[in-house]
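Below is one structure, written out as structure tokens; comments come after it.
The values are calculated or read from the model by the stated rules, or taken from the named source; none is laboratory data. Because the structure is predicted, anything quoted here is derived from the model rather than measured. Ideal geometry is used to build each Cβ from the backbone, glycine not excepted, and the neighbour counts take in all protein chains shown.
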């Protein structure tokens, strides 16, 4: 009798704080066993474009290599420096080459003196022959000596020019205006013919290159131009309009992909070769006019976790525990971001990644 009365009292006259506690526990249970706020990933009609990962390249980039052997005795630039065309970048020890060039110049002077003497002798012999003092054979012999001296002079002159050209190889100059990307040598290093001395690229001519599947590339004829995204830049400058798009005519036999090149506009000071980029192309489904558009998944941008080169989010497993999962992102749409891979529609995503990291 007393037990029945107590139960009846608890059902009819339970304090308000007891009801509030029960309601709070029910809400926590609906958010997952870990007590984390989570929302299901939303399925929506896919974007009209598909993303293909690419990389920024320099249209004009060169590796300046040594043409002669010699120690590096002067290094005027470092990585990141801007240089002008013809600017001296470094010098090699050219003392032996300069001495060889000086010896060639001396031989040219000796050959010139011999040529002058042979020319004067030939002129005297010709005058004597005109007065019938010497024979025709003597004149021809003098003419032969003059022509021989002239040939020797020309040979010495050419050899001297080659020595001077050779000595010029010890001074390395910039072939064009650009930025020094890498300097793998330092003072005192021995340069050998063919050894790279530095890498130079032109920042005014950059492009993005991406590998596109052959089946997609075949449907791009007449399609609208791609959009270009540079995730490494601030959001206000992440989207760039390419000035020219080029499809290479060959197909990679290993991956069956076609290379797509999109030239960047000049003046992008924060862009450098090697940066990650995306090229957004019209979806193949939209191009062929299929019935249904692809389904994509979107989540709140605040749920995204970025750690170094990893992009992911916390998903609740069947037991309600948060599990960090790597995903690949697409376009941002307000406070939502498209997930291209790594997440299925309906999976519960933790909206507070910091709380999920603590709960683990």
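I'd like the full set of residues that are farther than 26 Å from residue 220 by Cβ and surrounded by fewer than 16 Cβ atoms within 10 Å (Cβ to Cβ), limited to the stretch 260-273.
Passing the criteria: 267, 269, 270.
Quick test of your reading of the structure: residue 68 fulfils all but one of (1) touching a helix residue (DSSP H, G or I) at 6+ places or on another chain (Cβ under 9 Å); (2) part of a helix (DSSP H, G or I). Name the failing condition by number.
(2)
Being at pLDDT below 85, within 18 Å of the chain's Cα centre (by Cα) and outside any strand (DSSP E or B) is the requirement here; does residue 269 meet it?
Taking the combined requirement at face value, the residue satisfies it.
Tell me which residues, restricted to the stretch 77-94, are outside any strand (DSSP E or B) and exposed (fewer than 13 other Cβ atoms within 10 Å of the Cβ). Write out each step before concluding.
As a first pass, look at the stretch 77-94 and keep what is outside any strand (DSSP E or B): 77-81, 84-87, 93-94.
Answer for the stretch 77-94, where residues must be outside any strand (DSSP E or B) and exposed (fewer than 13 other Cβ atoms within 10 Å of the Cβ): 78, 79, 80, 84, 85, 86.
Going by what's in this entry, would residue 151 be described as touching a strand residue (DSSP E or B) at 6+ places or on another chain (Cβ under 9 Å) and at pLDDT 90 or above?
Spelling it out, it is not the case that residue 151 is touching a strand residue (DSSP E or B) at 6+ places or on another chain (Cβ under 9 Å) and at pLDDT 90 or above.
I need a count of the residues in the stretch 315-360 that are without any contact (Cβ under 8 Å) to a residue 12 or more places away in the chain, more than 27 Å from residue 229 (Cα to Cα) and in a loop (DSSP other than H, G, I, E, B).
The total comes to 2.
If a residue must be surrounded by fewer than 20 Cβ atoms within 10 Å (Cβ to Cβ) and either in contact with a strand residue (DSSP E or B) (Cβ under 6 Å, 6 or more places away or on another chain) or modelled with pLDDT under 85 (or both), how many such residues does the stretch 313-336 contain? Steps first, please.
Filtering the stretch 313-336 down to residues surrounded by fewer than 20 Cβ atoms within 10 Å (Cβ to Cβ) leaves 317-321, 323-326, 328, 331-336.
Among the residues that remain, those that are also either in contact with a strand residue (DSSP E or B) (Cβ under 6 Å, 6 or more places away or on another chain) or modelled with pLDDT under 85 (or both) are: 317, 323-326, 328, 331-336.
Total meeting the criteria: 12.
For the list (1) touching a helix residue (DSSP H, G or I) at 6+ places or on another chain (Cβ under 9 Å); (2) closer than 30 Å to residue 273 by Cβ; (3) surrounded by fewer than 15 Cβ atoms within 10 Å (Cβ to Cβ), I need the number of the one condition that residue 171 fails.
(1)
It is to be established whether one or more residues within the stretch 126-137 are touching a residue at least 12 places away in the same chain (Cβ under 8 Å) and over 23 Å from residue 98 (Cα atoms).
Checked against the condition, which is being touching a residue at least 12 places away in the same chain (Cβ under 8 Å) and over 23 Å from residue 98 (Cα atoms), the stretch 126-137 yields at least one hit.
Scan the stretch 122-157 residue by residue and report those that are out of contact with any helix residue (DSSP H, G or I) (no Cβ under 6 Å at 6 or more places or on another chain) and not in a helix (DSSP H, G or I).
131, 132, 133, 135, listed by residue number.
State the number of residues belonging to the stretch 196-212 that are farther than 21 Å from residue 278 by Cβ and either out of contact with any strand residue (DSSP E or B) (no Cβ under 6 Å at 6 or more places or on another chain) or in a strand (DSSP E or B) (or both).
7
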